[in-house]
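Working notes for the structure below.
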Amino acid sequence: MPTNVRFRSLVPADASPRGEPMVNLFFDGRGLQAPAGCSVAAALLANGVSTFRTTPVSGAPRAPYCMMGACFDCLVEIDGQPNRQSCLVAVAEGMQVKTQAGLRSFNGADAVIAEEAAHVE
């Protein structure tokens, strides 16, 4: 006897397993889904993303470590704005998230942080 006829799911098809509505976002052009209200970092990790940024000197991959805004290893570009701590930003419908590679700048000005490059010379 088929059991799917007798039972119905309590979770809507467009909701997470815990019942939260899902939102669509993009990471480096790839479409992802995540529960509304979760952080960008949690959404990316849940979708299998393991590299959020690379270091300016060696290009070593980085991913969230603390998930509370202290380590800055979760920096990404969100909707065209670099240096966003993905663990502190909630996902939103249609959000565009990109890997942050290497050096970063502030406020779109020419000021560039030589975060790790200063240690090379």
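Per-structure values
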{"item": "At R0 = 30 Å, FRET efficiency that the Cβ-Cβ distance of GLN33 and CYS66 yields, to 0.05", "result": "0.75"}
{"item": "Nitroxide proxy distance, nm - points 7 Å out along Cα→Cβ at SER58 and GLU20", "result": "3.4 nm"}
{"item": "Ranked packing of 35-44, 53-62, most packed first, by mean Cβ within 10 Å", "result": "35-44, 53-62"}
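Values quoted throughout were computed directly from the atomic coordinates according to the rules given, and no laboratory measurement underlies them. Bear in mind the structure is a predicted one, so any value in this text is a computation, not a measurement. Counting neighbours? That spans all protein chains shown, and the Cβs are built from the backbone with ideal geometry, glycine included.
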